[in-house]
Amino acid sequence: MSGAGRGVTPGAEPEAGSGASATPPLPDQGQPVSADDGSGASGSARGEEGKGPAGQGKADGEASASAAGASPDGEAGSASSEQAGSGTGGRRPAAGRRPRKKRSFWREFPILVVVALLLAVIIKTYAIQAFFIPSGSMENTLEINDRVLVNKLVYDVRGIHRGDIVVFNGDGSWDPGPLPANRNFAEKFVDGFASMFGFGHPGDILIKRVIGLPGDDVACCDAQGRVTVNGVPLTEQSYLYPGDAPSEIRFNIVVPPGRLWVMGDHRLISDDSRDHLGDPGGGTVPENAVIGRAFVIIWPPSRWRFLPIPSTFEQPKLNASASGTPPAQDAAAQDTAGLLSARLEPSSPALPLALGFVAAVPVTWLQRRARLRFARRRRPRQ
């Protein structure tokens, strides 16, 4: 029978018998193709022929990983690197400068304390000291229990001015005994250190207002009952105790060279130069006995204020110096038993210690910076 009589329609699949003209089905692209012994060899050969430099590098990397015992998740490689590090003493190569261990605060604290103590003694001895007012002879300018700061450096910069409130040592002038000697720097430091902790003898410390300078003619009183300096009357109502007269004692004295005439602001009860006219110096005190100038009230807070020079002492005519022979002294006799000399007591060391600690913090920080910088320069470079 001919092919046309078989009833084969165009596009129909051929029968199994016609294998020569049939196209074999293609394998699925998503499934791996397993090769026989012949096809595996040819695939390996083709893979080796296709390897370039990149392929060779990958092969070398796989070989080194397998030699080091690397596992697919990389844990074995990490273990091998740690073993290699431990084999050389456990030292890893430094990525940068090794962090420097900082000093503990408690190792720096003793240095801070020592520096603060030294600065406190220096401040108290040579710069600023606090004093306690125990009496009322300087009222109302200074009241009982006031604390004042005394500037010890001011008279190294300028001279003593009329109207200054000065703190001075009364030994040898109003009180029996030798004049205070001029001490050197080391002796002052030792005395300041001892007095900070209650040792030593600070002397008879007094506080008054300067009325007359060396060469001034100080007198009382004019026709209006005022104290005069070089013939110029003083207007003292701004600082005198209310109701007090400028003086109930009449006097007229030319202040000797190197000495001062001082008076309290509460004239009725103040033991001052007027009451020591018969003492050495005629009631005046030596300039070298002056410790410093009281310039501010620091306690109590309600009394905080500066202590300026009253305007009456700014009169230009006051600078005319006295001349001629000192006039006769006609001081009236007076019972001085009830007078107050305004003796001062050094305040507690809390203030100089606080100032010392405030100043010690930057000093300690700077010395630490300098020490670390010096140590860094001496350290050999790696």
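Results, tabulated for the structure shown:
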| item | result |
| --- | --- |
| Only listed residue being of a type in the set (Lys, Arg) and either outside the structural domain of ASP216 (by TED's automatic domain parsing) or within 24 Å of VAL157 (Cα to Cα) (or both), chosen from ARG267, ARG274, ARG250, ARG293 | ARG293 |
| Residues of the stretch 244-264 that turn out to be in contact with a Leu (Cβ under 8 Å, 6 or more places away or on another chain) and not in a strand (DSSP E or B), as a count | 6 |
| Counted residues, the stretch 225-239 - those being in contact with a helix residue (DSSP H, G or I) (Cβ under 9 Å, 6 or more places away or on another chain) and farther than 16 Å from PRO310 by Cβ | 2 |
| Residue in the stretch 240-248 that is out of contact with any helix residue (DSSP H, G or I) (no Cβ under 6 Å at 6 or more places or on another chain) and over 14 Å from LEU268 (Cα atoms) present | no |
| The stretch 103-140, residues that are more than 25 Å from LEU307 (Cβ to Cβ) and either assigned to a loop (DSSP other than H, G, I, E, B) or of a type in the set (Lys, Arg) (or both) | ARG103, SER104, ARG107 |
| Test result for ASP222, closer than 25 Å to SER311 by Cβ, modelled with pLDDT under 95 and surrounded by 13 or more Cβ atoms within 10 Å (Cβ to Cβ) | yes |
| Among (1) over 23 Å from ASN319 (Cβ atoms); (2) in a strand (DSSP E or B); (3) basic (Lys, Arg) - the single one ARG293 does not satisfy | (1) |
| Residues of the stretch 143-158 satisfying the condition of being surrounded by fewer than 17 Cβ atoms within 10 Å (Cβ to Cβ) and assigned to a loop (DSSP other than H, G, I, E, B) | GLU143, ILE144, ASN145, LEU153, ARG158 |
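Results for (1) β-branched (Val, Ile, Thr); (2) more than 18 Å from ILE297 (Cα to Cα), shown as yes or no for each residue.
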| site | (1), (2) |
| --- | --- |
| VAL113 | yes, yes |
| LEU118 | no, yes |
| GLU139 | no, no |
| GLU143 | no, no |
| LEU149 | no, no |
| ARG162 | no, yes |
| VAL166 | yes, no |
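The values are calculated or read from the model by the stated rules, or taken from the named source; none is laboratory data. Quick caveat, the model's predicted, so the values are computed rather than measured. Every residue, glycine as well, gets a Cβ built from its backbone with ideal geometry; the counts of neighbours run over all protein chains shown.
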